[in-house]
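Encoded as structure tokens, the structure appears first; notes follow it.
The values are calculated or read from the model by the stated rules, or taken from the named source; none is laboratory data. Since we're looking at a predicted model, the values are computed, not measured. Reconstructed Cβ throughout: ideal geometry from the backbone, glycine too, with neighbour counts over all protein chains shown. With ligands, DNA and RNA removed, areas are computed over all heavy atoms of the protein, side chains included. Shrake-Rupley method; radii C 1.70, N 1.55, O 1.52, S 1.80 Å.
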Amino acid sequence: MIPSSFEYVAPTSVEDALAALAEAGDEGKVLAGGQSLLPVLRMRLNAPEKVIDLGRVEGLRGIREDGDTIVIGAMTTHDEVANSELVKEHAALLAKATAEVADPQIRHRGTLGGAIVHADPAGDLGAPVLALDAEMVIAGPGGERTVAAKDFFTDLFETAVGDGELLTAIRIPKHTGWGAHYEKFVRVAHQWSIVGVAATVKADGGTISEAKIGLTNMGSTPLRAASVEAALAGKSASDVADACSSAADGTNPPSDLNGDADYRRHLATVLTSRAVAAAAAG
Amino acid sequence: MTAVDERPAESAEIGKARRRKEDQRLITGRTKWTDNIVLPGMLHLAMVRSPFAHAKVTSIDTEAAKGATNVVAVYTAADFPDGMGACANAWPITPEQVTPDHLPMVTEHVACAGEIVAVVVARSAAAARDAAELVDVDYEELPAVLDAKEALKDEVLAHPDKGTNKSAFWRLDSAEAGTGGSVDEAIAKAREDGIVIEREYRQQRLVPAFMEPRSTVVDPTGEQVTMWTSTQVPHILRFLIAATTGMPESKIRVIAPDVGGGFGGKLQTTPEEFITLAVARKLGKPAKYTETRSESLLSAHHGRDQYQMLTLAATKDGTVTGLKVDLLANLGAYVAIVGGGVPVLGAWMFHAIYKFPAYQFNCQTVLTNTTWVDAYRGAGRPEATFAIERLMDELAAEVGVDPLEIREKNWIKHEEFPFVSVSGMTYDSGNYEAATARAKELFGYDELRAEQKQRRQSGDPVQLGIGVSTFTEMCGLAPSRVLGQLSYGAGGWESAAIRMLPTGKVEVITGTSPHGQGHETAWSQIVADRLGVPFDDVEVLHGDTAIAYKGLDTYGSRSLVVGGEAVVRAADKVIEKAKPFAAHLLEASVDDLEFKDGRYAVKGTDKGVGITEVALATFASHNYPDHLEPGIDADATYDPVDFSFPHGTHLCAMEVDTETGASTIRKYVCVDDIGQVINPLIVEGQVHGGLVQGIAQALWEEAVYDDNGTLVTGSFVDYTLPTTADTINFVTDNTTSLATTNTLGTKGVGEAGTIASTPAVVNAIVDAVRDRGIHDIQMPCTPARVWAALQSAGSAEVAQAQPHFHEEAANNADPGTTGEGSGS
């Protein structure tokens, strides 16, 4: 299908992008990797007057270390994140979850920042970013600000990125040595997650000292399974099922063709148990 | 393996795993897909479609669209007072069938979502699409009927003017036909001292989802109108354009250029084709319409959508004594080209490979406010095969024996071929014992049964199930006289011609219309062997009614067994025709010549002449016998003497995660008997693709409407097609019983994998959890459905092993009171 016509601009710096965004006002839409926006445009679910393509803003790409933090440019592709040695070493959960996004073609076009700002609750990257206590760097007309992941996802397809602002980077505190696993449940491989569980644990000699768990598609935003995290502290890594039984507490999952809310709540407990066990195993 | 026919002596090309000569252009896309065609001054169409399933159009305002940039015209049905043709039903299954008129564009009554109410014509596809959004249509929404069982009640009518949703009732009864006993007696007796299995199975609605969206280009300039279109049936389309528009058939040329898949989904004559033709003729300019994927999922015909009520009678030891089938088929909003006939094809297939002494098949078709339903890979036979293969597993469970044992007890034995089935079909050849023995060996049947037992005993959360499907099918459509008896609107013959070019090259013209099957390669192999010419010297031409002027196209696994036989016969005519020329050139008697490896040799001498040399000599025509016309080209039309009956044994192992309900394929083995194989690589491709398509019905695919008749699965986000990432490596093999109804001994293979695999998968899933009292899971067997079945296991509803149909169940009523007439 053919989108409605729109004006296209491709700035080469964050400043120019912000200026273009300011000029477009409500009629502007930011294009990152295009894996969600282009289908939306092609199916005419949205018809912005101006599309601002960030593909030529070099400063938004790349992965680097900054002290105790890994900094990932918003326009870094999924493939780059999944295969980055830095990410694999210090934020293994994100690398593993990213490797599960869609299919190879999409992972070579789609970007971490784009996926996160799109904020589809069935997307795979909100949960690991939330679990890893990441910080989102947002640039706007008034300069730069940082928002914690827990405050970033505000509702279905809604984030803290305001009008005229851009997500420029994701800062992830190093979780070096933490075990990690992303348990994705789908019917066919390229599908959006029915439920996903992102788990990363710190274990010493078979005992879990700290666990962080994010849930995909269990509500209108990515969620933390806080009660499970608390219950796991001090538990043996070989016996986590009981501690994970509260994984669905406080969630509000959708019902659709893939299953109703009750089924998703059940899945969340089973998958959390599996994700934690796998994370503890490495 | 015993009693398997010897393959014919090794020949040069037939049986060779050649890579397909057409693949480079098809895979790279550097070819003439319809949407690649661009003509000077060509205009572009966009359709305005009804969002409502059932509605009355009260007004259409096209003014804003007409005024948009680069828009040439906006038309509604009112702009074509003489009409624009019609989508025909070519197979009224009874004389009384209720068949609503299906015009390309809605005049007032919308019968399903996606029906076209207006068309925008513009200088670019983008401009047409933009302007389509400016067409303002007012609708008065009407209540919609969507489900076949609801339709049967006739409370909400899909077409109020018809007064009923019931389209036709068709019956085949073995006692009435004299091909078997009375099924009611068999069931009554089994209720007293035998086993009666009663089940209702649901064949969910599927979308063919071919890779290339449909596209049509029409050039009305000049004397003839030329239509390029993404179709399986260029010849049938040309005939029906002439028949429904009044255009002389001789003024219409239809070309199916390279076509990217069909699976039955492109054997329709479509509203979009008629509209593109009408617009191009009205404006006198070339016009193109290419659908979007969303339009394709919504408006190209769907498949399946049946309820199957089944009663199987057997003795206590598991010998089947009768089968009664009550089928309820949802036709959608219109009776498509063979829409009414597709479920009826099951009539000859529900008894499958078995010797059932009594049989009755009842089929009620109904109209609803949903997308029209027609052939989808297998067309009527997958549904039948699913039902009987599921039932045989149920019977085995009831008797308490292995599912293969119950099949062997009931199937036709090798030495009993040819065998006349209880529906009156003659199966020419087959060897179910050999295929099953080979499949068991490749599968490791006994080892997997042992593992299943072990997992069950240890309480493994991941249980193992083994599913069996011993299928046969009837394909190679079809003997023309049989079609005539069934009131089908055409014959079933196929045509071929061979041109011997002076340079030694050979052109083969086929009336079949490949859309991914590899006819160019397979036909080349056949002709290379037959005429003794190099494979690469054979060119296969197809899909253009001006070149392949005679044909009945490609569907129903007919191309090789019917069209291939026509090629064989045309080649044999060339050989006979060239012989007197060869004798003349060799100054020998015709009786002294023998033809071998492309050469006529004088017996007992080293004198001879090649057939391509004869071709050159007849081209020059300087020296030939007085009584002959110069030329050795020939054509042949072959009307099959019977259907083709491939069969096979498919074994599937499924792992069912009882904690999540997820089912994954552990192992899949199939051994198909498709007679003589022309190209094993093509067969392998057909079988692999077919398997995935059948497995997809079992596990993944379902077209779902909401209560208003809006297609919820309107994109590939929700219509979950599998990819390679979702399947495993299949183990495939063949046993061979040559067909006796054609020269090469071939049987059809295009649909075999799809027909066989669906019940194998579901049987395996049910087998994995049967010990918990579960005897059915509705397709697609999604994790949520499997998990729900596991949760309710042990409850009264599930534990009831032999549910009886409710007396008041509509489709279980006396068919004579629900029908419009009776078939056969």
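Listed conditions (1) within 13 Å of chain A (Cβ to nearest Cβ); (2) assigned to a loop (DSSP other than H, G, I, E, B); (3) open to solvent by 50 Å² or more (accessible area, probe 1.4 Å); (4) more than 18 Å from B:ARG304 (Cβ to Cβ) are all met by B:ASP718, apart from (4).
What number of residues within region A:39-97 are without any contact (Cβ under 8 Å) to a residue 40 or more places away in the chain and within 14 Å of another protein chain (Cβ to nearest Cβ)? Summing the residues that are without any contact (Cβ under 8 Å) to a residue 40 or more places away in the chain and within 14 Å of another protein chain (Cβ to nearest Cβ) in region A:39-97 gives 5. Does B:LEU283 fit the bill of being closer than 22 Å to B:LEU103 by Cα, open to solvent by 20 Å² or more (accessible area, probe 1.4 Å), within 14 Å of chain A (Cβ to nearest Cβ) and at pLDDT 95 or above? So B:LEU283 does not fit the description; no.
Yes/no matrix, rows are residues, columns are (1) under 21 Å from the mean Cα position of the chain (by Cα); (2) assigned to a loop (DSSP other than H, G, I, E, B); (3) modelled with pLDDT under 95; (4) polar (S, T, N, Q):
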| position | (1), (2), (3), (4) |
| --- | --- |
| B:VAL508 | no, no, no, no |
| B:HIS515 | yes, yes, no, no |
| B:ALA522 | yes, no, no, no |
| B:LEU560 | yes, no, no, no |
| B:GLY563 | yes, no, no, no |
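Residues in region A:165-206 that are at pLDDT 95 or above and more than 14 Å from chain B (Cβ to nearest Cβ): 23 in all. Within region A:247-264, identify whether any single residue is in a loop (DSSP other than H, G, I, E, B), touching a Phe, Trp or Tyr at 6+ places or on another chain (Cβ under 8 Å), more than 17 Å from A:GLY179 (Cβ to Cβ) and touching a residue at least 24 places away in the same chain (Cβ under 8 Å), and answer yes or no. No, the conditions are met nowhere in region A:247-264. Could you say which residue among A:THR251, A:THR216 is touching a Pro at 6+ places or on another chain (Cβ under 8 Å) and open to solvent by less than 50 Å² (accessible area, probe 1.4 Å)? Exactly one residue qualifies, and that residue is A:THR216.
Every residue, every condition in (1) over 30 Å from B:HIS44 (Cα atoms); (2) assigned to a helix (DSSP H, G or I); (3) more than 14 Å from chain B (Cβ to nearest Cβ); (4) aromatic (Phe, Trp, Tyr), yes or no:
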| residue | (1), (2), (3), (4) |
| --- | --- |
| A:PRO3 | no, no, no, no |
| A:ALA20 | yes, yes, yes, no |
| A:VAL30 | yes, no, yes, no |
| A:GLU100 | yes, no, no, no |
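In region B:568-579, the residues that are open to solvent by 10 Å² or more (accessible area, probe 1.4 Å) reach residues that are in a helix (DSSP H, G or I) with C-beta atoms within less than 6 angstrom, at least six apart or across chains, in these pairs: B:LYS579/B:VAL590. Within region B:658-677, the residues that satisfy the criterion of being more than 14 Å from chain A (Cβ to nearest Cβ) and assigned to a strand (DSSP E or B) are B:ARG666, B:LYS667, B:TYR668, B:VAL669, B:CYS670, B:VAL671, B:ASP672, B:ASP673, B:GLY675.
For the criterion of being open to solvent by less than 40 Å² (accessible area, probe 1.4 Å), polar (S, T, N, Q), away from every other protein chain (no Cβ under 14 Å) and out of contact with any Phe, Trp or Tyr (no Cβ under 8 Å at 6 or more places or on another chain), B:THR727 fails. Among the residues of region A:258-270, just one is facing chain B (nearest Cβ under 8 Å) and touching a Leu at 6+ places or on another chain (Cβ under 9 Å), namely A:GLY259. Screening B:THR76, B:THR2 for residues that are at pLDDT 95 or above and either open to solvent by less than 80 Å² (accessible area, probe 1.4 Å) or out of contact with any Phe, Trp or Tyr (no Cβ under 7 Å at 6 or more places or on another chain) (or both) leaves exactly one candidate, B:THR76. B:HIS102 meets the conditions (1) in a loop (DSSP other than H, G, I, E, B); (2) over 21 Å from B:GLN232 (Cα atoms); (3) not hydrophobic (A, V, I, L, M, F, W, C) in every case but one. The failed one is (2).
Table: residues versus (1) open to solvent by 10 Å² or more (accessible area, probe 1.4 Å); (2) closer than 26 Å to A:VAL71 by Cα; (3) more than 17 Å from the chain's Cα centre (by Cα).
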position: A:VAL147; (1), (2), (3): yes, yes, no
position: A:VAL195; (1), (2), (3): no, no, no
position: A:ALA203; (1), (2), (3): yes, yes, yes
position: A:SER236; (1), (2), (3): yes, no, yes
position: A:ALA241; (1), (2), (3): yes, no, yes
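For region B:760-792, the tally of residues that are away from chain A (no Cβ under 14 Å), in a helix (DSSP H, G or I) and open to solvent by 10 Å² or more (accessible area, probe 1.4 Å) stands at 4. Every condition in (1) assigned by TED's automatic domain parsing to the domain that holds A:THR168; (2) among the polar types (S, T, N, Q); (3) touching a residue at least 40 places away in the same chain (Cβ under 8 Å) holds for A:SER13 except the one numbered (1). Each residue in region A:39-71 was checked for being open to solvent by less than 80 Å² (accessible area, probe 1.4 Å) and assigned to a helix (DSSP H, G or I), and 7 of them qualify.
Table: residues versus (1) open to solvent by 60 Å² or more (accessible area, probe 1.4 Å); (2) closer than 29 Å to B:THR216 by Cα; (3) in the same structural domain as B:ALA55 (by TED's automatic domain parsing); (4) not small (Gly, Ala, Ser).
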residue: B:ALA113; (1), (2), (3), (4): no, yes, yes, no
residue: B:VAL117; (1), (2), (3), (4): no, yes, yes, yes
residue: B:ALA132; (1), (2), (3), (4): no, yes, yes, no
residue: B:ALA151; (1), (2), (3), (4): no, no, no, no
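Could you list, in sequence order, all residues of region B:200-229 that are open to solvent by less than 10 Å² (accessible area, probe 1.4 Å), within 23 Å of B:ARG381 (Cα to Cα), in a strand (DSSP E or B) and not hydroxyl-bearing (Ser, Thr, Tyr)? Residues satisfying the conditions are B:GLN203, B:GLN204, B:ARG205, B:LEU206. Just one residue in the set B:GLY340, B:GLY332, B:GLY346 is at positive phi and not charged (D, E, K, R); that residue is B:GLY332. Number of residues in region B:176-188 that are surrounded by fewer than 21 Cβ atoms within 10 Å (Cβ to Cβ), over 30 Å from the mean Cα position of the chain (by Cα) and not in a loop (DSSP other than H, G, I, E, B): the value is 4. Scanning region A:72-91 for residues that are out of contact with any His (no Cβ under 7 Å at 6 or more places or on another chain) and assigned to a helix (DSSP H, G or I) yields A:HIS78, A:GLU80, A:VAL81, A:ALA82, A:GLU85, A:LEU86, A:VAL87, A:LYS88, A:GLU89. Among the numbered conditions (1) within 14 Å of chain A (Cβ to nearest Cβ); (2) of a type in the set (A, V, I, L, M); (3) surrounded by 24 or more Cβ atoms within 10 Å (Cβ to Cβ), the only one that B:LEU691 does not meet is (1).
Does B:ARG191 meet the test of being of a type in the set (Lys, Arg) and either open to solvent by less than 20 Å² (accessible area, probe 1.4 Å) or at pLDDT below 95 (or both)? Against the criterion (of a type in the set (Lys, Arg) and either open to solvent by less than 20 Å² (accessible area, probe 1.4 Å) or at pLDDT below 95 (or both)), B:ARG191 does not qualify. Among the residues making up region A:5-18, a single one is open to solvent by less than 70 Å² (accessible area, probe 1.4 Å) and either part of a strand (DSSP E or B) or at pLDDT below 95 (or both): A:VAL9.
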